[in-house]
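**Student:** I am attaching a structure below and will ask some questions about it afterwards.
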Amino acid sequence: MDHQPKFFENLSGTGKAIGVLTSGGDAQGMNAAVRAVVRMGIYVKAKVYFVYEGYQGMVDGGDNIVEVSWESVSSILQVGGTVIGSARCKSFRTREGRLQAAYNLVQRGITNLCVIGGDGSLTGANLFREEWSGLLEELAQKGKIDQEAVKKYAYLNIVGMVGSIDNDFCGTDMTIGTDSALHRIIEVVDAIMTTAQSHQRTFVLEVMGRHCGYLALVSALACGADWVFIPEYPPEEGWEDSMCVKLSENRARKKRLNIIIVAEGAIDCHNKPITSEKVKDLVVQRLGFDTRVTILGHVQRGGTPSAFDRILASRMGVEAVLALLEGTPDTPACVVSLSGNQAVRLPLMECVQMTQEVQKAMDEGRFVEAVRLRGRSFENNLNTYKLLSHKKPDAELPKTNFNVAVLNVGAPAAGMNAAVRAAVRVGITEGHKMFAVIDGFEGFSRGKIKEISWGDVGGWTGQGGSILGTKRTLPAKYLEKIADQMRTNNINALMVIGGFEAYESCLQLHEARSRFEEFCVPICVLPATISNNVPGTDFSIGADTALNAIVETCDRIKQSASGTKRRVFIIETMGGYCGYLANMGALAAGADAAYIFEEQFDIRELQANVEHLTEKMKTSIQRGLVLRNENCNENYTTDFIYQLYSEEGKGVFDCRKNVLGHMQQGGAPSPFDRNFGTKISAKAMQWISKKLKETYRKGAGKVFANTDDSVCLLGMRRRNLVFQPVAELKNETDFVHRIPMEQWWLKLRPLMKILAKYKTSYDVSDSGQLEHVAMHSPKEAETGAI
């Protein structure tokens, strides 16, 4: 859509006061949200106040409501929980309590509130807003405030952000803290797996989620658990027998461990609780397996926020301030949230009502409805889990006589193995024979191809790198040999998982179809690269894991710098010519600058950055962090920038440099990458099956696909997963620098600069419109979201 960019310079916060509070249970990433609200508020010249201890602090007033400065939120980005405190508050539930809170806000001229919490906190905020004018009238009658104040502070604006590890709020795909809680769970599961392997044990893990099974479901998907219990999808009658049969079958297949995940609110179809102890006793009595229970408890709420949560919270915080500035007496209280990869504003009460509807549906035993109300992301997770966890007996599987090959191309990326596992298992379920190609197209040309079974890919989700082996070699020089192998092994479809090379490879196969009929088969590319430089998708498998590695290192470096004082670190990230890792790493680590190829810079800008850091050293924040993409400029190398900063900063600060290198490619995949890889791979396999049916020619007895739409890349675009013909993506690609011509994340660049105190202009055309909570149809769950 063509629109004139709309910049927020016209939105001034002069004369406005914003109060920010965190309420309800804490969640990692709340501090990043608080930091973004404070800095964006100050940036637009509003006054910003902390309200300590949630609503309790608002009622108590005094030192609990304090005006803050830019530096007040320094060094909190990497801290879990909330630094301004959160408390359950009984008095705010009474009108007297709210009257006192209104008085405390009016005293400071605060008529804009940003509330970060769960649905209870947000409902309270909405009630407060509805009563506001009545409360002011009452205060005036009691002589506590004058009529002037009643007029001046006539209405209260409220914007909510959902901070909850349970991801139990309808209308938003991810709440702040959910991704970090998944990190904690997966760290524990990965650790338990090694000990369970040693002793052939069964582990029952209890995770949080009293009313919502999101954490249990996604962690079960991400670690390939044998069984999962969640409140929204109780097991059928007789589940005890089916579970025990499945566990013993897995043991018979030489699987040395079983993992069962139980949400704390899990129930059976009669609404009776299923506890982790009950599951353990059942396994011990029926099967005699050595079984242990681990209850994760508050570990899930703790620890440092993940890169995803920091970026999400920073984006939401800035969006919340924009929503407050644009608020009028007629705009309903809204929630800023995420849909796919897009920030949206939704009416607060619509979201709350829908969230309550889910609980009502569960209480009344309407479980199918409860899953649907949870939203398409939840429904997709559940469907994918069901597809991948239970293998049907061979007799029940369809037989298609199609052979599908899977291969990895390019550099290794964490999450590739999860994608291979999902492809193999969905392919087998669909009735195909699955083949694994070792070492990319080079291996393919040498005939390194073998059939791969359901059990062969067990335990692959948590493995980093590429188990199949991967090479950067493109197929162009081996076309004839590859065509021979495809003919010999009768390969009817290809799934290629990899980065820019995978995309280029499939373009080459597409162009070679006129010479080799063997390539006239359905081909699907899944983007998997840490650089996130593949056209046609906002995210690639592996980028999230690399981002977390960068952010973790930056946190440590910042800590060392705050110890020594007056020190600036220059850190080089990977990514080829794509600045995604440098830019997003800078946003998530709270860096002062990020140099990237996509935004050309000259010596004047370098000079300005040095001056900016010199100014910063005069404040209480005496450290600096600068990220540089490896190929951002051939002359301004990391060494050059380091030497320039060292010389210009003499006497004010000293410099250190750090090249992160291949540590960004390694490590166990993050929950996001496991989940993303699993889901897009399952979807791609279903697409391949559909294409095979469409292109099978009965007369010739073979598959013949030669249209552009039979070679596609599956990517996430804004809110949806879309299959795009690689031939069409050619026009969107800069082949010299191996990057897409347009990249969504460049819009977040000003965000990083604002949060680092630079003057900049920020295009807000994408934000602003209040949407409604959409009830989706079951059909949509198949087509759309992540």
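**Student:** Leaving out same-chain residues fewer than 8 places away, which aspartates and glutamates sit with a Cα under 13 Å from that of Lys618?
**Tutor:** Glu71
**Student:** Tell me the net charge near Ile295. Cut-off is 10 Å between Cβ atoms, Ile295 excluded, with +1 for each Lys or Arg and -1 for each Asp or Glu.
**Tutor:** Net local charge, Ile295 excluded: -3.
**Student:** Give the span of region 53-145's Cα atoms along each principal axis, as three whole-Å numbers ordered largest to smallest.
**Tutor:** If we take the Cα atoms of region 53-145, the spans are 46, 28, 18 Å.
**Student:** How far is the Cα center of region 268-311 from the Cα center of region 66-117, in Å?
**Tutor:** What the calculation gives is 34 Å, centre to centre.
**Student:** Moving on. What accessible area per residue comes out for region 599-682, rounded to a whole number of Å², with a 1.4 Å probe?
**Tutor:** So region 599-682 comes to 44 Å² accessible per residue, rounded to a whole number.
**Student:** Glu599 to Met663: FRET efficiency via 1/(1 + (r/R0)^6), r the Cβ-Cβ distance, R0 30 Å, to the nearest 0.05?
**Tutor:** Calculated value: 0.70.
**Student:** Now for a different question. From the helices alone, meaning DSSP H stretches of at least four residues, give me the mean residue ellipticity at 222 nm for the chain, per-run term -39500 (n - 2.57), in deg cm²/dmol to the nearest 500.
**Tutor:** Taking each H run of at least 4 residues, the total per residue is -13000 deg cm²/dmol.
**Student:** Which whole-Hz couplings ³J(HN,Hα) result when phi for each residue of region 336-347 is put into the Karplus expression 6.51 cos²θ - 1.76 cosθ + 1.60, θ = phi - 60°, listed in order with x for Gly and Pro?
**Tutor:** For region 336-347, the Karplus-derived couplings read 8, 8, 10, 10, x, 10, 10, 6, 9, 10, 10, x Hz, x marking Gly and Pro.
**Student:** How far apart, in nm, are the 7 Å Cα→Cβ label points at Arg210 and Lys450?
**Tutor:** It is 5.2 nm.
**Student:** At a threshold of 8 angstrom on Cα-Cα distance, excluding pairs fewer than six apart, so keeping six or more, what relative contact order does region 671-749 reach in percent?
**Tutor:** Answer for region 671-749 is 15 percent.
**Student:** May I ask which residue of Gly651, Asn250, Cys554 lies farthest towards the positive end of the charge dipole of the chain, with charges of +1 (Lys, Arg) and -1 (Asp, Glu) on Cβ and the Cα centre as origin?
**Tutor:** Of the options given, the answer is Asn250.
**Student:** Related question: What number, in percent, do you get for the relative contact order of the chain if the mean sequence gap of Cα pairs under 8 Å and at least 6 apart is divided by its residue count?
**Tutor:** That works out to 14 percent.
**Student:** Right, something else. Ile295's amide H: which non-local residues (gap 5+, or another chain) put their own amide H closer than 5 Å, with H modeled 1.01 Å from N in plane and none for Pro or chain starts?
**Tutor:** Glu206
**Student:** Between region 582-627 and region 392-468, what is the separation of their alpha carbon centroids in Å?
**Tutor:** A separation of 44 Å, based on Cα centres.
**Student:** Give the cross-link partners of Lys683 among the lysines, using a straight C-alpha distance below 24 Å as the criterion and excluding same-chain residues fewer than 8 apart.
**Tutor:** Partners within reach: Lys386, Lys391, Lys392, Lys399, Lys433, Lys450, Lys691, Lys693, Lys702, Lys730, Lys779.
**Student:** List the longest stretch of the chain that has no exposed loop site; here a site is one of the GluC sites (Glu not before Pro) assigned by DSSP to anything other than H, G, I, E or B, with at most 15 other Cβ within 10 Å.
**Tutor:** Looking at the chain, 1-235 is the longest stretch - no exposed GluC sites (Glu not before Pro) with at most 15 other Cβ atoms within 10 Å.
**Student:** For region 290-397, give the magnitude of the charge dipole about the Cα centre (Cβ charges: +1 Lys/Arg, -1 Asp/Glu; no others), in debye to the nearest 20.
**Tutor:** About 340 debye.
**Student:** Charges only on Cβ, +1 for Lys and Arg, -1 for Asp and Glu: so what's the dipole of the chain about the Cα centre, in debye to the nearest 20? Walk me through the numbers on the way to the answer.
**Tutor:** Values: 90 positive and 90 negative charges, 247 e Å.
Dipole about the Cα centre, nearest 20: 1180 debye.
**Student:** Once neighbouring chains are kept in place and the probe is 1.4 Å, which whole percent of the accessible area of region 138-297 is contributed by carbon and sulfur?
**Tutor:** 50
**Student:** Would you please state which residues of region 272-303 a label at His199 would reach in this model, taking the label point 7 Å out along Cα→Cβ and a backbone N cut-off of under 11 Å?
**Tutor:** What the label zone holds, given the 11 Å backbone N cut-off, is 290-293.
**Student:** Something else: When the accessible area of region 328-456 is split by element with a 1.4 Å probe, what percent falls to carbon and sulfur?
**Tutor:** Roughly 50 percent of what the probe reaches on region 328-456 is carbon or sulfur.
**Student:** From the backbone phi of region 213-221, what are the Karplus-calculated ³J(HN,Hα) couplings (6.51 cos²θ - 1.76 cosθ + 1.60, θ = phi - 60°) in whole Hz, Gly and Pro given as x?
**Tutor:** x, 4, 4, 5, 5, 6, 5, 5, 5
**Student:** Let me ask something else. I want to make sure I understand the PRE zone here: with the label point 7 angstrom from the Cα of Glu138 toward its beta carbon, which residues in region 88-130 have backbone N atoms less than 17 Å away?
**Tutor:** Under cut-off, by backbone N: 90-107, 124-130.
**Student:** With a 1.4 Å probe and all protein chains left in place, how much accessible area per residue does region 417-479 have, in Å²? Before the final figure, lay out each step's value.
**Tutor:** Values: 2140 Å² over 63 residues.
It amounts to 34 Å² per residue over region 417-479.
**Student:** Measure off, as a whole percent, the carbon and sulfur share of the 1.4 Å-probe accessible area of region 666-738, all protein chains present.
**Tutor:** Summing carbon and sulfur atoms, their accessible area is 51 percent of the total for region 666-738.
**Student:** Another question about this same structure. Let's test the formula: R0 of 41 Å, r as the Cβ-Cβ distance of His772 and Glu131. What FRET efficiency results, to the nearest 0.05?
**Tutor:** That gives a FRET efficiency of 0.95.
**Student:** Test of understanding: what is the full-extension gain from Arg108 to Lys246, defined as 0.36 nm times their sequence separation minus their Cα-Cα distance?
**Tutor:** The span from Arg108 to Lys246 would gain 43.4 nm if fully extended.
**Student:** Just to confirm my numbers, what's the Cα centroid distance between region 709-726 and region 126-142 in Å?
**Tutor:** Value for the Cα centre distance between the two parts: 52 Å.
**Student:** Would you mind calculating the relative contact order of region 177-234 from Cα pairs under 8 angstrom and at least 6 residues apart, reporting the percent as a whole number?
**Tutor:** Relative contact order, region 177-234: 33 percent.
**Student:** Further, regarding this structure: Between Asp654 and Asn731, what length comes free when the chain is fully extended (0.36 nm per residue of separation minus the Cα-Cα distance, one decimal in nm)?
**Tutor:** Values: separation 77, 0.36 × 77 = 27.72 nm, distance 4.57 nm.
Result: 23.2 nm gained on full extension.
**Student:** Amide H neighbours of Val48 under 5 Å, at least 5 residues apart or on other chains, H built in the peptide plane: list them.
**Tutor:** Here the answer is Ile18, Val68, since their amide H atoms fall under 5 Å of that of Val48.
**Student:** Taking square-rooted eigenvalues a ≥ b ≥ c of the alpha carbon gyration tensor, is region 1-119 rounded, prolate or oblate, where a/c under 1.5 means rounded and, failing that, a/b exceeding b/c means prolate?
**Tutor:** The shape class here is prolate.
**Student:** Hey, what angle do you get for helix 276-287 against the long axis of the chain, alpha-carbon based, 0 to 90 degrees rounded to 10?
**Tutor:** 20
**Student:** Determine how large the accessible area of His199 is when every protein chain is in place; take a 1.4 Å probe and give Å² rounded to the nearest 10.
**Tutor:** Only protein atoms counted, so the area is about 100 Å².
**Student:** For region 306-373, what is the convex hull volume of the alpha-carbon atoms per residue, in Å³?
**Tutor:** Details: hull volume 7.0 nm³, N = 68.
Taking the convex hull of the Cα positions in region 306-373, it is 103 Å³ per residue.
**Student:** Keeping every protein chain present and rolling a 1.4 Å probe, give me the accessible area per residue for region 30-92 in Å².
**Tutor:** 34
**Student:** Kindly state, to the nearest 0.05, the FRET efficiency for Glu277 paired with Asp63, given R0 = 35 Å and r defined as their beta-carbon distance.
**Tutor:** The calculated FRET efficiency here is 0.15.
**Student:** Enumerate the amide H contacts of Phe435 below 5 Å, restricted to partners 5 or more residues apart or on another chain; note that Pro and chain-start residues carry no placed amide H.
**Tutor:** Placed amide hydrogens put Val404, Ala405, Val406, Ile452 under 5 Å from Phe435.
**Student:** If you work out Rg and Dmax of the Cα atoms in Å from the coordinates, which of [x] 39.8, 137; [y] 27.3, 92; [z] 29.5, 97 do you get?
**Tutor:** The listed entry that was calculated here is [y].
**Student:** OK, next. Select from region 537-614 those trypsin sites (Lys or Arg not before Pro) which occupy a DSSP coil region and have at most 16 other Cβ atoms within 10 Å, ordered by residue number.
**Tutor:** Within region 537-614, the qualifying trypsin sites (Lys or Arg not before Pro) (loop, at most 16 other Cβ atoms within 10 Å) are Lys565, Arg566.
**Student:** Follow-up question, since we're still on this one. Any aspartates and glutamates with Cα under 13 Å of the Lys690 Cα? List them, leaving off those in the same chain fewer than 8 positions away.
**Tutor:** Straight-distance partners of Lys690: Glu430, Asp709.
The values are calculated or read from the model by the stated rules, or taken from the named source; none is laboratory data. Owing to the predicted nature of the structure, the values given are computational and were not obtained by experimental measurement. When we count neighbours, we look across all protein chains shown, and the Cβ atoms used for this are built from the backbone with ideal geometry, even at glycine. For accessibility, only protein heavy atoms count, side chains too; no ligands or nucleic acids. Shrake-Rupley method; radii C 1.70, N 1.55, O 1.52, S 1.80 Å.
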